[in-house]
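Before any comments, here is the structure.
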Amino acid sequence: MSTTIVVGTQWGDEGKGKVVDILTEENDAVVRYAGGNNAGHTVEVDDRKVVFHLLPSGVLHGKPCILGNGMVIDPIALAEEMGTEGVLPSRVYVSDRAHLILDQEKVWEAEFEKSKGKDRVGTTGRGIGTTYATKMLRSGFRVCDLVDGNFEVDKGTFWKKLNADPLFGMLEEAYGVKVSREEVAEKAFKAAETFKGSVHDTRSIIQAMLAEGKNILFEGAQGTFLDIDHGTYPYVTSSNTTVGGVFTGTGVSCV
């Protein structure tokens, strides 16, 4: 058994994607442990370029690719990547505990950033930070709120949480912006149909692989200087991009 962690030493443009792609050949699985679709890498396959923002490039090698619980996942972005030529859905494992990026988080991020004026941080506008915020506020949506244990889209549970979500009222009262719950639900349900069969308790899968002596590659997003705790705060991302993120973002106890 061996475990390898690929972490950017600067801001994340050090060529991690290429390194991960090379190392994938000698590993049995690739695990992404933090961040969302604000990261990404480009892989050249024959005569075409493939850009992934969520899926590890190992998925094009037919290796199991795991999206850990420490990630925040835009269901629409994931659905698009799952449809990429060469991606085998059966080799993708999405944590049921990862949090979902929905339209209300995207709108909140845009309005909050706008309210800062000249002091704005300059986010990607993809709802990454605000989704991590709702996670910590314990009002966020997890993948298991959208897809149940039988690999079916759970509209009842999702709608129950959607109707109770205070963010919709806050956006309307604070910023005068109304977000349609119906549109949020419609987009989420449509996207979930493409990846519902890939939702698992990924902690157990990773632990089982380690127990079997498998070689696992852990893929970081961004780089050290963008770590929420150890980076150039406040000009950072909203997750732990360094080695510590592996433990909290996947549930493994050691690597």
(request) Within the range 212-220, identify whether any single residue is touching a residue at least 24 places away in the same chain (Cβ under 8 Å), aromatic (F, W, Y) and within 30 Å of E113 (Cβ to Cβ), and answer yes or no. (result) no
(request) Working only within the range 34-51, note down all residues that are among the hydrophobic types (A, V, I, L, M, F, W, C) and either crowded, with 23+ Cβ neighbours inside 10 Å or not assigned by TED's automatic domain parsing to the domain that holds V6 (or both). (result) A34, A39
(request) Go through the range 123-139 and give me each residue that's over 16 Å from I73 (Cα atoms) and β-branched (V, I, T). (result) T123
(request) Answer yes or no as to whether D103 is over 16 Å from I216 (Cα atoms) and either assigned by TED's automatic domain parsing to the domain that holds H200 or modelled with pLDDT of 90 or more (or both). (result) yes
(request) Select from the range 92-134 the residues that are hydrophobic (A, V, I, L, M, F, W, C) and in a helix (DSSP H, G or I) and write down the one among them that is farthest from G231 (Cα to Cα). (result) V107
(request) Give the residues of the range 143-170 that are of a type outside the set (D, E) and touching an Asp or Glu at 6+ places or on another chain (Cβ under 7 Å), sorted by residue number. (result) V143, C144, L146, V147, V153, T157, F158, K161
(message) Can you name every one of the helices (runs of 4 or more DSSP H) wholly within the range 155-229 that holds 3 or more residues which are not assigned by TED's automatic domain parsing to the domain that holds T24?
(response) 155-164, 167-175, 181-195
(message) Looking at the range 18-41 only, could you name the residues that are farther than 27 Å from D201 by Cβ and in contact with a His (Cβ under 6 Å, 6 or more places away or on another chain)?
(response) none
(message) Name the residue that is nearest to T124 (Cα to Cα), counting only residues in the range 35-91 that are polar (S, T, N, Q) and either touching a residue at least 60 places away in the same chain (Cβ under 8 Å) or not in a loop (DSSP other than H, G, I, E, B) (or both).
(response) N38
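The values are calculated or read from the model by the stated rules, or taken from the named source; none is laboratory data. Please read these numbers as outputs of a predicted model, since none were measured by experiment. All Cβ positions, glycine included, derive from the backbone under ideal geometry; neighbour counts span all protein chains shown.
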